[in-house]
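Read-outs throughout are calculated quantities, based only on the coordinates presented, and are distinct from any laboratory measurement. Remember, predicted model here, so these are calculated numbers, not experimental data. Every residue, glycine as well, gets a Cβ built from its backbone with ideal geometry; the counts of neighbours run over all protein chains shown.
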Amino acid sequence: MDSLITSVIPTQLDLSFECQFDMYTGRGIRLQSTKAFDKSEKVPDGLQSAFFGTDFSDEMSYSERYRCDCGFMIGKMYEGEICPHCATPVHYVPVDMSRTGWIMLDHFKVFSPIFAAKLSDALGSVESERVLTRILQADYDPDGGEGDLAIRERDKEIRKKHPYIGKGTRWLVDNMEEVLDFYEAKKVNKKKLFAELRNAYRNNLMFTNAIPVISAVLRSETPGEKDKKLYKMRINTIYTALILSSNEINNLGSPENMTEADLCTVDRYLYTMHKDILQLFDEIFNILNGKTGVIASRVISGRYNFSARNIISASSGELRANEIDMCYLDFLELYRYEIINIYAKLFHCTIQEAQHAWSQATMHFDKVIYGIIQYMLEHNQDAIGVFINRNPSINFGSFMYVKIHSVIPDISNKTIRLNTRVIKTMAADFDGDQINIYRVIGLDMNKRIARELDPRYNLYIDRINGRVNRDMMPMKDEVVGFWFLNSCE
Ligand SMILES: [Zn+2]
């Protein structure tokens, strides 16, 4: 079903619950094979399982994209036919990205990555190592065994301050409250963080026995020679390591029947898994984050209609803080359709002829079109405004709403003229800085945006102390000019 997403609220999930839910509803699959391919075929419970969706490498590639609701009839050749079982027609079904693979531990738990990071923060460091890491690294030999006496003595000292070092993951899962109590008493300025951690622990969010694996569609690999992959993705390498460790632990069976040595092995693998999960978290975070991340480069970026980009130049004093002079070509492009409309009415010509005139005007300065521009500026002052913006957009003042004071009657001029007042809030100067321009459409939008972002009404008063905003004061060069102007006899 198509749905319109209007907002997203991130929540912390109970992964064990989500795993069970996915299994019951058929949207989840347990991954246990460390091999993704066997003789070039996808392993059903491997990382590239066809459960996530088929691709060109499969025998029945993409066939499930055409199906009835119950799945009895599958394939494009049945498109439109009614299924005798569920009475729905065979129709196109897009890839279900919510299908999730799960790596499960039968008897033990590991950290949810976000809480491992938060707890690590709360407990701090000892000898340039994270206390949490030292706790999770279980001791093989509690007495410290043989070895350098000096190191053993120092270790004893550290353990007086941090008594839980070497206890291991299994112990920590059962004794988290005690650890939180101990460190909360020491770190009085982190009350809020400890409260959050305690809450997460009590609500079963901190540890999980199930690790989600995102759909293979997002991380697909194809087998090459002798089942070796043509190219490898780091995220799949990490998932494989996690499957391997979880298998080792699950193969040992139930903890009641385990020897001390087995339990030691479990703790060692749990620690390995912990480190892999942190890497997995970083990997996914890096895929999404930053300029080259998916969100910035694939979701947000793209083409913006009615936009332009120009080098800025200073006005010689006739502009107010919320006014700009726009170049001729910008205005032609941003207000193209209005100009064509007015031209057609003015000359009683067809839209096509008007469009041709507009097109000619983009190559040779056209006095008639320029007249139309002046008419538009005069009669639509309230509805003709633009956003100006300078990257990086990190200040209040990086975005501003301004009115078009006039259009520069010169086709070769490709600059935008600004009042020098608004330069500082944009952290701009006149050595070739560029500014992005976005057209604001309609009288209503112009009015609403002007209320919040017009510099004349929003920037002169300092938001912090209520006094005159220093950034809006005259620049040094201007003050020098004023001084000479006023000091001649
Ligand atoms: Zn059916």
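Tabulated values for the structure
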quantity: Residue exposure sequence - Cys488, Cys86 - by fewest surrounding Cβ within 10 Å; calculated: Cys488, Cys86
quantity: Whichever lysines have a C-alpha closer than 21 Å to that of Lys345, once near sequence neighbours (fewer than 8 apart) are set aside; calculated: Lys367
quantity: Spatially proximal lysines relative to Lys161 (Cα-Cα < 25 Å; intrachain offsets below 8 disregarded); calculated: Lys118, Lys186, Lys187, Lys190, Lys191, Lys192, Lys275
quantity: Stokes-Einstein diffusion coefficient of the stretch 48-113, Kirkwood radius over Cα pairs, 25 °C, 0.890 mPa s, in µm²/s; calculated: 175
quantity: Given charges at Cβ of Lys, Arg, Asp, Glu: the chain dipole, positive-most of Gly101, Ile435, Ile464; calculated: Ile464
quantity: Distribution of pairwise C-alpha distances over the stretch 419-489, 10 Å bins, in %; calculated: 16, 35, 33, 13, 3, 0
quantity: Separation between Cα centres of the stretch 110-188 and the stretch 23-42, rounded to whole Å; calculated: 36
quantity: Modelled FRET efficiency - R0 56 Å, Asp155 with Ser297, Cβ distances, 0.05 increments; calculated: 0.70
quantity: Antiparallel %, DSSP beta bridges [both residues in the chain], to 5; calculated: 75
quantity: Unit charges on C-beta of K, R, D, E only; dipole of the chain, Debye; calculated: 1060
quantity: Enclosed volume per residue, in Å³, of the convex hull spanned by Cα atoms of the chain; calculated: 301
quantity: Footprinting exposure proxy for Arg234, Arg451 (fewest neighbouring C-beta atoms within 10 Å first); calculated: Arg451, Arg234
quantity: Options Gln48, Phe115, Asn413, ranked by Cα towards positive dipole end of the chain, top entry (Cβ charges); calculated: Asn413
quantity: Relative contact order for the stretch 307-486, counting Cα pairs under 8 Å that sit 6 or more residues apart, in percent; calculated: 34
quantity: Value of Rg to Rh for the stretch 1-112 (Rh from inverse mean 1/r over Cα pairs, i.e. Kirkwood); calculated: 1.03
quantity: Eligible lysines near Lys291 by straight Cα distance, threshold 24 Å, same-chain separation 8 or greater; calculated: Lys232
quantity: Equivalent ellipsoid, the stretch 307-486 (semi-axes from 5 times Cα gyration tensor eigenvalues, Å); calculated: 33, 18, 14
quantity: Where labels lie 7 Å past Cα in the beta-carbon direction, separation of Asp429 and Glu489 in nm; calculated: 3.7
quantity: Residues Thr425, Thr237, Thr25, Thr100, sorted so that the one with the fewest Cβ neighbours within 10 Å comes first; calculated: Thr25, Thr237, Thr425, Thr100
